[in-house]
1. Is it the case that residue 18 is within 11 Å of the ligand (Cβ to nearest atom) and either outside any loop (DSSP other than H, G, I, E, B) or crowded, with 20+ Cβ neighbours inside 10 Å (or both)?
2. Of these, 82, 120, which one is touching a helix residue (DSSP H, G or I) at 6+ places or on another chain (Cβ under 6 Å) and either within 15 Å of the ligand (Cβ to nearest atom) or assigned to a helix (DSSP H, G or I) (or both)?
3. Return yes or no: is residue 103 away from the ligand (no atom under 16 Å from the Cβ), under 16 Å from residue 387 (Cα atoms) and either surrounded by fewer than 16 Cβ atoms within 10 Å (Cβ to Cβ) or in contact (Cβ under 8 Å) with a residue 12 or more places away in the chain (or both)?
4. Out of (1) more than 16 Å from the ligand (Cβ to nearest atom); (2) part of a loop (DSSP other than H, G, I, E, B); (3) surrounded by fewer than 22 Cβ atoms within 10 Å (Cβ to Cβ), the odd one out for residue 36 is which?
5. For region 153-165, state whether one or more residues are more than 16 Å from the ligand (Cβ to nearest atom), touching a helix residue (DSSP H, G or I) at 6+ places or on another chain (Cβ under 9 Å) and in a loop (DSSP other than H, G, I, E, B).
6. Where residues in region 270-290 are under 27 Å from the mean Cα position of the chain (by Cα) and closer than 18 Å to residue 513 by Cα, which of them is surrounded by the fewest Cβ atoms within 10 Å (Cβ to Cβ)?
7. Hey, among 414, 332, 400, which residue is assigned by TED's automatic domain parsing to the domain that holds residue 270, touching a residue at least 24 places away in the same chain (Cβ under 8 Å) and over 26 Å from residue 115 (Cα atoms)?
Ligand SMILES: Cc1cc2nc3c(=O)[nH]c(=O)nc-3n(C[C@H](O)[C@H](O)[C@H](O)COP(=O)(O)OP(=O)(O)OC[C@H]3O[C@@H](n4cnc5c(N)ncnc54)[C@H](O)[C@@H]3O)c2cc1C
């Protein structure tokens, strides 16, 4: 089966992709892809929970105000309102599909235990213990797998989107589907989405040396959309989670924000608390403030990590509220009911992405972006904790609503050519991939991390352009593999983050630069847009929109 045609092609199987598949199956046939197993995305790793207004003490206005405050002047207020006001309905639907949020048993009308996280003025985070994302992903996968209209393709990695640009250059560019590598068969297939192709490929944390993200987060959707000619925005706003476990054997294990929400205290290596020197809300200051404070203390002292302390809450509470964190840390020899937890900041969430309208449509016809891959206007310059799972759910529903109003096209009027491997041969130089991969991640960490400067960004830009040239030559010479796909995409995303960061000569939200430490509303209170240089341009340039 080298060609698969369906009404909707959904690339990615996290909260966004799975809820899209469930919804869109009411409108037609759906093919859903994941480049690893179906639970490999960030969704499965989300611990804290999902923010929504469900308590009588809370209100839409409060949730909206908190989201706007975090977004530092760049949120689209209309989008924020949609997401917040439609949130409770989507949560209700999720519960009807079988999701079991943790209950507190006090009030029959409001039975769910609500967590408090940084930047929220109210307890409003629904959670299932500290394994919320995993419970949501399994609920959605179970629901989707029971639907006759949905076809599942695991270990299928999208390589490039197929557009009309080369087939019919005069029409507005339209997405027809994607070339996809069947990783197990080592074969490239053509997937057609007759009515729409929906990117739900998640974020790109792997572009940084230290990240909380799983391996699949290599920014493939961002890079594919960019190559297809879509506009991307705000990629300079990368959220660094303040507290990832620091341990030589722990690969990207996050210590949830909820630990600070429940009273966790950050301490220097000598035991001194330090957050009161940085913000009145101390440990509950917005994430960017906490991450910058830790980064500043580490740089000042040359310490490898700081500590997070939750011992004072007592063993019973800690084990019940944070069972996963407790067990996971115990595996590394840290009993969090008795020991301090060593933590460092790590790249966590991409606020920017493929720019969409309030329904998830990108600037390329029939190409949609939902979930972390998208930049919808909800987060602005900084994401409020636990708003991203909510965004995935709400936007999947909004895309479904809009698509259900569109006329069904008669059929595809283009002859899509199969993938052309050219003269590519098998590579015997895997080291080129690992070397380039490491270099990109180091450059991004050292020069484009929590604190940036004009000089660091220029250095990063030049290094990454050089790496890109090397990768580009390698890419077309050798038979495509999933590592090569990811490396090419990481390099593209790295370049785009740097370009966006270079354009924003101010500090706002998650973008902090030593050379322009203040916010400059007069010149920069707008989104940063990037678009692929015209196909006709022969030399790559700093082509800022
Ligand atoms: C450790 C951790 C904790 C978090 N905690 C919270 C939290 O408590 N609350 C909250 O709101 N948010 C949290 N977040 C953020 C949130 O989990 C993510 O933003 C959200 O889950 C993203 O969902 P998604 O559906 O967009 O993508 P993902 O869940 O990341 O799924 C991406 C999917 O795309 C697939 N894919 C990627 N590239 C390709 C390709 N080329 N071809 C085919 N498939 C591809 C992957 O295999 C995967 O199936 C957390 C994130 C992390 C990493």
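The values are calculated or read from the model by the stated rules, or taken from the named source; none is laboratory data. No experiment lies behind these values; they were computed from the predicted model shown. Every residue, glycine among them, receives a Cβ derived from its backbone with ideal geometry; neighbour counts consider all protein chains shown.
1. Against the criterion (within 11 Å of the ligand (Cβ to nearest atom) and either outside any loop (DSSP other than H, G, I, E, B) or crowded, with 20+ Cβ neighbours inside 10 Å (or both)), residue 18 qualifies.
2. 120
3. no
4. The number of the failed condition is (1).
5. No: region 153-165 contains no residue that is more than 16 Å from the ligand (Cβ to nearest atom), touching a helix residue (DSSP H, G or I) at 6+ places or on another chain (Cβ under 9 Å) and in a loop (DSSP other than H, G, I, E, B).
6. 289
7. Result of the check over 414, 332, 400: 332.
Each row is one residue, and each column tells you yes or no for (1) within 12 Å of the ligand (Cβ to nearest atom); (2) out of contact with any helix residue (DSSP H, G or I) (no Cβ under 9 Å at 6 or more places or on another chain); (3) part of a helix (DSSP H, G or I); (4) not assigned by TED's automatic domain parsing to the domain that holds residue 309.
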| residue | (1), (2), (3), (4) |
| --- | --- |
| 184 | no, yes, no, yes |
| 190 | no, yes, no, yes |
| 206 | yes, no, yes, yes |
| 209 | no, no, no, yes |
| 214 | yes, no, no, yes |
| 217 | yes, no, no, yes |
| 221 | yes, no, yes, yes |
| 239 | yes, no, no, yes |
